[in-house]
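All remarks here apply to the structure that follows.
The values are calculated or read from the model by the stated rules, or taken from the named source; none is laboratory data. Computed from a predicted structure; not experimentally measured. For neighbour counting, all protein chains shown are included, and Cβ atoms are generated from backbone atoms with ideal geometry for every residue, glycine included. Calculation scope for accessible area: heavy atoms of the full protein, side chains included, ligands and nucleic acids excluded. Shrake-Rupley method; radii C 1.70, N 1.55, O 1.52, S 1.80 Å.
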Amino acid sequence: MMAIAAVGNNLITYVFNEMHFPLSKSANIVTNFIGTVFLLSLFGGFLSDSYLGSFWTMFIFGFVELSGFILLAVQAHVQQLRPPKCDMMLSNGKCLKVKGYKAMIFFVALYLVALGSGCLKPNIISHGADQFKKQDSKKLSTYFNFAYFAFCAGELLALTLVVWVQTRYGMDVGFGVSAAAMVFGLIIFLSGTLVYRNTPPGGSIFTPIAQVFVAAITKRKESCPSNLKMLHGSQCIVPQDGTLIHTDKFRFLDKACIKIEDGRSTSESPWRLCTVSQVEQVKILISVVPIFACTIIFNTILAQLQTFSVQQATVMNTRLTHSFTIPPASLQSIPYFMLIFLVPLYEIALVPMIRKFTGNDSGITPLQRVGIGLFIATFSMVCAALVENKRRDYAMNQNRILSIFWIVPQFIIYGLSEMFTAVGLIEFFYKQSLEGMQSFLTAMTYCSYSFGFYLSSILVSLVNRITSTSGGGGWLNNNDLNKNRLDLFYWLLASLSLVNFINYVFCSRWYSYNPSLLPVVPLHEPQAEGHDSENPN
């Protein structure tokens, strides 16, 4: 986490100052890169669950990521592999930008890092969770909290120590530190080889899903029986290990379980007849899509903190003492300073206290946790808009430079929201998966980051196009932030975030767990039919 965070969080400075791309283009390069990292997590989850297993996926793509770090360090060190030195601010954006084979080296290195990191991310989470029994909800919840704590520690090291190294000694040394951290991480990972509990791959995870849709469409004219025992795999009406019981949502898909009685003894093809459990897994995948979609705007906000907010800090007073200035990218460490204290406090103190009132092993349910985070995130953009308006007014009308500490609150607020949303979403997706799909469903968490960063790129381009006039560019079209209207862009994101939260409330109330995935209830305490753990009365 330290290695990839050190690259992604300060990349806009390198792309703008060393590769000489315009500011809006630099922001889009960064968001596209980070978006690709998270999108490739789906590929990593698929490879792990279907063919390689989490251990071998992490081993192979750990070295792919390492090769990308090394290539970035080499290019940053050798001046002949970069465009001529030039100050983008003083030249008014007229510096010669990277092109030809130099650009190819840069993007190859960047996307080797993206491929390696993307395939590692979901497997780190799922491989760790696989060391516990899935039925032990309390231990899994604790694991997810402390896994997130470890990620925060890595981010914090990247945004303080490594960013300071990048600023003081150059990006080549900074990229070299990332490569060294990756080597160290791989050594630690391999040291546990003999004691890991490894979940074997189960073949293509998409084939059973495709079979359900094909069978349901093939039998679309059939009528679903009123007696569930007539469905294929009806033994799953009683929960068993690795199976799901029938639910009433998406009844169309139940047609894939209808057995055709035509007097012949031959069994039907798997592409025409599926089990109840197989159909229910597909229902879960469809059901989680709205929850997944509601977190995209949340991660679009994160994209601004890693791009425009960093660039915003570069035109503010960064001096802490007479001899020490704060690297702008290090502002992103503020949430992680806070979270390394808040996450253990939440797990050790708040969860046991809340558990007494809710009776839930996690204190509050994963979906409730996500909702709290989405609500808080809106105020991060409200704060950012107010501060940018004040900074711009000081710079344009009073010829004063605002202190960098003014943009600290927006990072603190977002960090608090991420503690709820990120951990809640990971726990939610993992607990919705059957054996053989843990990495893929966990990867959907990271895919949300991907779409959020891609949406950021689209919004920047759309806003520039819509707000541009014949006399000049749009809100974000200029390399000089004082001539832009970043504050209005932040207000737009705050509005989208609020609408997104309202939409999430409806989606989460609609969602219900498959009863097989709920904690086991003793026989003498029968569970009421239709119980919804996410919407307790």
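On C-alpha positions alone, give me the angle between the axis of helix 366-397 and the longest principal axis of the chain, in degrees, nearest 10.
It works out to around 20 degrees.
Mind checking which lysines have their Cα closer than 17 Å to the Cα of K25? Skip sequence neighbours fewer than 8 apart in that chain.
The reachable lysines, counting only those whose Cα sits under 17 Å from K25, are K94, K97, K99, K483.
Carbon and sulfur: what percent of the chain's accessible surface (1.4 Å probe)?
Values: 15340 of 23810 Å².
About 64 percent, which is the carbon plus sulfur part of the accessible surface.
Quick check: the angle from helix 276-293's long axis to the longest principal axis of the chain, C-alpha only, nearest 10 degrees?
The two axes meet at around 30 degrees.
Return the subset of K221/K249; K139/K283; K219/K431; K121/K431 for which the Cα-Cα distance in this structure is over 29 Å, preserving the input order. Write down the numbers at each step before the final one.
Details: K221/K249 18 Å; K139/K283 27 Å; K219/K431 31 Å; K121/K431 17 Å.
From K221/K249; K139/K283; K219/K431; K121/K431, over 29 Å: K219/K431.
Sort out the exposed loop GluC sites (Glu not before Pro) in the chain (DSSP loop, at most 11 other Cβ within 10 Å) and tell me the longest stretch that has none. Please list the in-between numbers first.
Values: sites that count: E261, E529.
Longest run free of exposed loop sites: 262-528.
Can you give the charge dipole size of the chain about its Cα centre, rounded to the nearest 20 debye, using +1 on the beta carbon of Lys and Arg and -1 on the beta carbon of Asp and Glu? Working shown, then result.
Details: 38 positive and 29 negative charges, 231 e Å.
That gives a dipole near 1120 debye.
If you take the charge dipole of the stretch 372-440 about its Cα centre, with +1 on Lys and Arg Cβ and -1 on Asp and Glu Cβ, which of L386, L416, F440 is farthest toward its positive end?
It is L386, whose Cα lies furthest towards the positive end.
Any idea what angle helix 408-431 forms with the longest principal axis of the chain, computed on alpha-carbon atoms, 0 to 90 degrees, nearest 10?
20 degrees
Per DSSP H run of at least 4 residues, take -39500 (n - 2.57); add these up for the chain, divide by its residues and hand me the 222 nm value, nearest 500 deg cm²/dmol.
Details: 18 runs with 323 residues, N = 537.
So the calculated ellipticity at 222 nm is -20500 deg cm²/dmol.
Residues of the chain: accessible area per residue at 1.4 Å, in Å²? Each step should come with its number before you reach the end.
Numbers: 23810 Å² over 537 residues.
Per-residue value: 44 Å².
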